[in-house]
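First the structure, which I've put down as structure tokens, then a few questions once you've had a look.
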Amino acid sequence: MEVKSDQLMNYNSLPEYLKDNEFILDYYRPEWPLKKTILSIFSIHNETLNVWTHLIGFFIFLFLTIATAVMIPREDHETIYTLIRIEELSSSNNNTIINTSSLMMSMISPMLTKPIITRWPFFAFLFGAMLCLLTSSLCHLLISHSEKMAYIMLRLDYTGIASLIVTSFYPPVFYCFICDPFFLNLYMSFITIFGVATVIVSLLPVFQTAQFRNVRAALFFSMGVSGVVPIMHKLIVFGDRPEAVLSVWYELLMGMFYGLGVIVYAARVPERWIPGRFDLVGHSHQLFHLLVLAGAYTHYLAGLVYLRWRDVHGC
């Protein structure tokens, strides 16, 4: 077995379970000890950017989750009390003050007394995104340690991908059909069952082999494409609402990012065109990671549109 002095390995010298992309020719880590494998996060190899793109993405979404939690509106009881006192005091004064205070109450009170829309579907999506990004980063870091580790990490990776896709459905479905329990439960149940079935299928050993690359891509892509149905339904029911139209544009952009990512992943471009040139920087999986991040962030922006819609207008 040919091992370089820097202890990186070429594709032909790899054990079979690590042979996934024959167009990436060099800079593989052999079956290093666990500690050295973990510390390789700080060294240069063909998985370095795969690890860091999604690890940085994880922290970005952690920040977004915290920021979203901080921005949850709360009932301002002090403001309500102040307005009530103004109303009481104005009753003993002239009509101008009465009219002014009444106008303030009519404008502000509905916003303060309206029930705050639940956030759990949005936070479920954020959790799904963070789970996907973290498991992906860990998988790329640890997969080369041993065949057993590769088996475990790949399944965690597939579970993370399925979680992101499933939870991405929750905000649009929940906030669009919150007033229609039948379709709300129908769509939520369908995508959840689809996701669980995908995770179960991914537990099969054959699912991780290079021969099933296109099958994996097609399965996860099919999960995403199934979202077209509730989006079309949303446009039929709420096509006159600017929030519905704006969110669709975000969702189309998200679909473009995810779809392009799947194509790049399955086609293994650009390394297919010039094998060895993109071993460290620019190969398909790195581009796939960046496109996933872009798609997830676009979906986050769509989620904010849904929250503003239901916070203001309710059911």
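Among the residues of segment 303-312, is any over 20 Å from the mean Cα position of the chain (by Cα), of a type in the set (Lys, Arg), part of a loop (DSSP other than H, G, I, E, B) and surrounded by fewer than 22 Cβ atoms within 10 Å (Cβ to Cβ)?
no
Only one of (1) over 16 Å from the mean Cα position of the chain (by Cα); (2) under 18 Å from residue 124 (Cα atoms) is not met by residue 155, so which one is it?
It fails just one condition, (2).
Also: Hey, can you tell me all the residues within segment 221-275 that are aromatic (Phe, Trp, Tyr), exposed (fewer than 15 other Cβ atoms within 10 Å of the Cβ) and within 19 Å of residue 168 (Cβ to Cβ)?
Selection gives 249 alone.
Could you give me the residue pairs with C-beta distances under 9 Å whose first residue belongs to segment 275-300 and is within 12 Å of residue 253 (Cβ to Cβ), whose second residue is buried (at least 17 other Cβ atoms within 10 Å of the Cβ) and among the acidic types (Asp, Glu) wherever it lies, and which are 6+ apart or on separate chains?
298/251; 299/251
Restricting attention to segment 159-205, which residues are farther than 25 Å from residue 215 by Cα and either charged (D, E, K, R) or modelled with pLDDT under 90 (or both)?
180
Here is a follow-up. What are the residues in segment 131-151 that are assigned to a helix (DSSP H, G or I) and closer than 23 Å to residue 59 by Cα, if any?
Result: 131, 132, 133, 134, 135, 136, 137, 138, 139, 140, 141, 142.
The values are calculated or read from the model by the stated rules, or taken from the named source; none is laboratory data. Fair warning: this is a prediction, and the values are worked out from it, not measured in the lab. Neighbour counts are summed over all protein chains in view; Cβ atoms, including those assigned to glycine, are modelled from backbone coordinates with ideal geometry.
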